Each structure stands twice: as structure tokens, then as C-alpha cells.
Amino acid sequence: MVVRRPPGRRAQILAVAADRFHRSGYHQVSMAEVAAGAGITAPALYRHFRGKPELLDRAVRLGLDALACGLRGARTTGDLGAALAAVAVGHRPLGTLVQRDARLLPPARRAALRRELRADVALMTAVLCAGRPELPGPDAELLCWSALSACTGLSYQSAAPQPRRAEAVLRDLVAAVLAASPGDAAPATVRAPVPDPAPDPVAPGTPEPRPQARREELLAAAVRLFHQRGFDNVSTDQLGAAVGISGPSVYRHFDSKAQLLAASLVRSRERLWQEVDGAFAAAAGPEAALVAGLGAYVGFALRNGDYLGAMLSETERLAPPDRRVAVDFRRDFLRTWVGLLRRVRPEYDAVEARIRVHALFALVNDGVRNRPHSARPDLGDCLLHLGRAVLGLPGTDGGRVPAPR
């Protein structure tokens, strides 16, 4: 007897895999778990896919293919917004898969994915420049990357909003971003990034730094290396070498590499909250507080892109108690911004406010790490300008964005 495979089985498997990777992180998901979610056995799963790397690659490619297909038919900026919103809602895991998990793919495949994304942005830029011929090419490209990033913010919501509503809000967001003029952004009080100085070489006979100073050096090095290479690809020898000590000496300060990861993220969270909450508290009124908080967040991001990247990509590598603390911080941080935005824009309900705040964080987090635009001397002003557009604040091109439908 011939057993026929159900039609669309591969698509079903990819949908399950994308959802599992999105929710738990690539390292936390087994092939057996994906097979169970698809209602098949593990051996049957291996008849479709050779292993987890291929599953991840195909899941990412499925979303990017949908994005490219939608963008190829775009003729206006409205079409661009519709295409981006449809993919963000229909392929919600895509944002986290690209930004967090795709870096675990083999180098050749990662390079191919970057080329595909650049080609998508090139399509968007051509449409935008056709509608706004006065816009300089670099500015148009920055706007297109920013619109794409803002839509990926939907991936980071714990619960999916109603699809039609989410698409409507995202279309408005994209319209606001693509209508902006970053080169004309008013100068803002956002500090440019200041790179950490490299540790001075230790001369013979020089006393070792105090344990507390060495610990701080390790925390800074860890967040940078974990972001750049991934937790599993960083050894204690590499961590030690980054601060001028041997690998085993790391254990004088931290019991394990996992403890070092947790401590580095805690320290960065504390600094983020201190800067943003201080800006909120010093402002007079909700709108001033929101603008001040936006400036503080952009300034922090410019100086701490490694932390934002590590927070995004490595939280799932934490031990369960540390992971719960990190997730609780994210929720509380988001809740503060959502509450403040709704005081400024009372016509936004909780759903729209959450979509807009997530979009803001995604736009800024990507903006400080996405070359070549991350090297713009006016990047802070541009991100502040675009952040106001995403939140629907006064002071962007055309004033406030359209009210929710």
C-alpha cells in the first residue's frame, strides 16, 4: 500500500518550526518537538528536512519570499505599506528569525539572506524615490530600512493582535515613516556614541586591577562578544583575552559563562532604566516626558548597541529564573511606554499603543546596528525624528499621523 503525504506538509512543518523558534529560540527547540507539533514522527520529519539548520533556513526564506513577492508588485508608498504590513502579520515570526536566529546559519547562507534583504530594500527605495524625487538616495534608503524594522516590532508582541487591525496600524506607521525627511530633522540633544577605550596594556610589575574593576571589564566585554558572536560561540578563553586575563581566571569573578551573561544583561538593564526613567521624571507633562524618554532611549542605543543586540539574541540562553526576570523587565518597560503614549494620544487603545511602541523599539534597535546608516553623523537626530513619527507625536512631517481607523 502506498501512503500518500498530505498536501502542504512541508509548509505545515515550516509554520510549526517558525513558531517554535520564534517563541523559544532556536537552541531550545528540538526536531522531535517540531515533529510533534506537525503531527508526524521525527523520522518522518527528516524525510522532509535534513536537520534544524535547514528548517531555520527554509522558514526564514519562506517569509522573505513572501516579502519580495509583495514588494515586486508595489507601485506607490501605499502599496509598500500594504506589503510590509501583510507580511508582518502573516509571517509574524519572521522578525525574530531574521534578527535573532538567522545569525546561527552557515556564513554563506547568512550572506545570501543579507543580499535578499538589501534587494528588497532596493525595490522599496526605487518606489519611494519615484514618489519623492527630491529625497536624497541615502535618506530614502534609511526610511525604507526604518519602515521594514518598524514592522518587525510585531514579532516581539507576546500576543498577536487582530490581523486587520494590526495591518491598518502598520500601514499608518509605514506611511508616517516614508513621509519623513530625516535630513531636515531638527537637531536633538542626543549624544553620539562614544566607543569604550581599549584596555591599556599591563606593564610588567603593574598591580592587577581590583576585583571589582576586573568584573566590570568582563561585563562590558561579555555583552559585546555575546552580541557579536553568540553565547555558544564565545569561550571563556576569549572572554579572558578580551580583558587581559586567562580563561580560567574568569571563574574567579563568575561561577559560569551563563552567570556572566545574566550579570551583563542585568547591568545593562539597570543603566537603561536609570537613563530613561530619569528622563521621564525630569519632564513637565506627559508629552514632554515621552519626548525626553525617546531622546534618552536613542542616546542609550547609540552608546549600547551591543547590549540591545545581546538582549534581543541571548535572553533565551539564560537560566529559567534569569530569563523570567529579563522578560518581566521587558513587559514593565513596555507597559510604562504604552501608558505614557496613551496619555498623550488618548485616541489610541492599548492594542495600537503596543504596536507603536514595539515598532519604535525595533526601529531604534535596528537603526544603531544597521550599516552603513549606523555611521551617519546625524543618526541620533534621524532616529528621534522617525521615532516621533512612529509614535504619532507632533513635530514630524505633516504633524500627527492619521487617527486609527
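The values are calculated or read from the model by the stated rules, or taken from the named source; none is laboratory data. Keep in mind that what you see is a predicted model, and the values were worked out from it rather than measured. For neighbour counting, all protein chains shown are included, and Cβ atoms are generated from backbone atoms with ideal geometry for every residue, glycine included. Heads up: the accessible areas ignore ligands, DNA and RNA and are worked out on the full protein's heavy atoms, side chains in. Shrake-Rupley method; radii C 1.70, N 1.55, O 1.52, S 1.80 Å.
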Task: All positions within segment 245-262 that are within 26 Å of the chain's Cα centre (by Cα) and either surrounded by fewer than 18 Cβ atoms within 10 Å (Cβ to Cβ) or under 17 Å from residue 327 (Cβ atoms) (or both) - done: 258, 259, 261, 262
- [ ] Taking residue 376 as meeting all but one of (1) out of contact with any Gly (no Cβ under 8 Å at 6 or more places or on another chain); (2) free of Cβ contacts under 8 Å to residues at least 60 places away in the same chain, write down the number of the exception.
- [x] (2)
Task: Some residue of segment 185-206 being outside any loop (DSSP other than H, G, I, E, B), open to solvent by 80 Å² or more (accessible area, probe 1.4 Å) and modelled with pLDDT of 50 or more - done: no
Open item on the list: Tell me whether segment 54-64 contains one or more residues that are surrounded by 15 or more Cβ atoms within 10 Å (Cβ to Cβ) and more than 26 Å from the chain's Cα centre (by Cα).
Closed with: no
Open item on the list: Looking at the structure I just gave you, is residue 129 surrounded by 20 or more Cβ atoms within 10 Å (Cβ to Cβ), farther than 11 Å from residue 60 by Cβ and not hydroxyl-bearing (Ser, Thr, Tyr)?
Closed with: no
Task: In segment 337-393, the residues that are of a type in the set (A, V, I, L, M) and outside any helix (DSSP H, G or I) - done: 368, 393
- [ ] Search segment 343-356 for residues being in contact (Cβ under 8 Å) with a residue 60 or more places away in the chain and of a type outside the set (Asp, Glu), and hand back the single one that is farthest from residue 300 (Cα to Cα).
- [x] 351
Open item on the list: I'd like the residue in segment 323-365 that is charged (D, E, K, R) and open to solvent by less than 30 Å² (accessible area, probe 1.4 Å) and, out of all such residues, is nearest to the chain's Cα centre (by Cα).
Closed with: 356
- [ ] Confirm whether residue 327 is touching a Pro at 6+ places or on another chain (Cβ under 6 Å) and either of a type in the set (Lys, Arg) or farther than 22 Å from residue 220 by Cβ (or both).
- [x] no
Open item on the list: Every residue in segment 93-116 that is in contact (Cβ under 8 Å) with a residue 60 or more places away in the chain, open to solvent by 10 Å² or more (accessible area, probe 1.4 Å) and farther than 19 Å from residue 228 by Cβ, please.
Closed with: 93, 94
- [ ] Please go through segment 280-295 and pick out each residue that is open to solvent by 20 Å² or more (accessible area, probe 1.4 Å) and of a type outside the set (Phe, Trp, Tyr).
- [x] 281, 282, 283, 284, 285, 286, 287, 288, 291, 292
Task: In segment 37-53, the residues that are under 23 Å from residue 96 (Cα atoms), exposed (fewer than 15 other Cβ atoms within 10 Å of the Cβ) and of a type in the set (A, V, I, L, M, F, W, C) - done: none
Open item on the list: Being in contact with a helix residue (DSSP H, G or I) (Cβ under 9 Å, 6 or more places away or on another chain), polar (S, T, N, Q) and closer than 14 Å to residue 252 by Cβ is the filter here; which residues of segment 211-239 pass it?
Closed with: 236
Open item on the list: Can you say whether residue 74 is part of a loop (DSSP other than H, G, I, E, B) and either open to solvent by less than 50 Å² (accessible area, probe 1.4 Å) or touching a Phe, Trp or Tyr at 6+ places or on another chain (Cβ under 9 Å) (or both), as far as the supplied structure shows?
Closed with: yes
